[in-house]
């Protein structure tokens, strides 16, 4: 789900702006945040769901979970959307 959401977000800005400059910048922010989650997973805010945390990246919420061996990004949510539709 998160990969599809990320691709859709980046494609939206690339098409809207007619170039990929902002999409590249946004992708850097997403990548940096995902690396931080992998290295220091306990840095995000806990959610109502056990084991699911959230890290804020600009206008987005990166929802993730951590196991003993891996960290998984579950969703990349645009916080400007209706919060009642948020998956986590």
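Listed residues 23, 61; which is part of a helix (DSSP H, G or I) and surrounded by 15 or more Cβ atoms within 10 Å (Cβ to Cβ)?
Working: 61 fails: part of a helix (DSSP H, G or I).
That would be 23, the only listed residue that is part of a helix (DSSP H, G or I) and surrounded by 15 or more Cβ atoms within 10 Å (Cβ to Cβ).
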Look at the stretch 4-20 and say how many of its residues are surrounded by 11 or more Cβ atoms within 10 Å (Cβ to Cβ), closer than 22 Å to residue 88 by Cα and without any contact (Cβ under 8 Å) to a residue 24 or more places away in the chain. 3
Scanning the stretch 34-56 residue by residue, the ones that are closer than 21 Å to residue 87 by Cβ and either at pLDDT 95 or above or outside any helix (DSSP H, G or I) (or both) total 13
Take the residues of the stretch 73-87 that are in contact (Cβ under 8 Å) with a residue 12 or more places away in the chain and surrounded by fewer than 17 Cβ atoms within 10 Å (Cβ to Cβ): which is nearest to residue 49 (Cα to Cα)? 87
Please go through (1) surrounded by 11 or more Cβ atoms within 10 Å (Cβ to Cβ); (2) free of Cβ contacts under 8 Å to residues at least 12 places away in the same chain for residue 1 and return the number of the only condition it doesn't satisfy. (2)
For residues that are surrounded by 12 or more Cβ atoms within 10 Å (Cβ to Cβ), farther than 19 Å from residue 1 by Cα and in contact with a strand residue (DSSP E or B) (Cβ under 6 Å, 6 or more places away or on another chain), tally how many sit in the stretch 26-58. 2
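The values are calculated or read from the model by the stated rules, or taken from the named source; none is laboratory data. The shown structure was predicted, so the numbers you read here are calculated from the model rather than taken from an experiment. Positions of Cβ are backbone-derived with ideal geometry, glycine not excepted, and every protein chain shown enters the neighbour counts.
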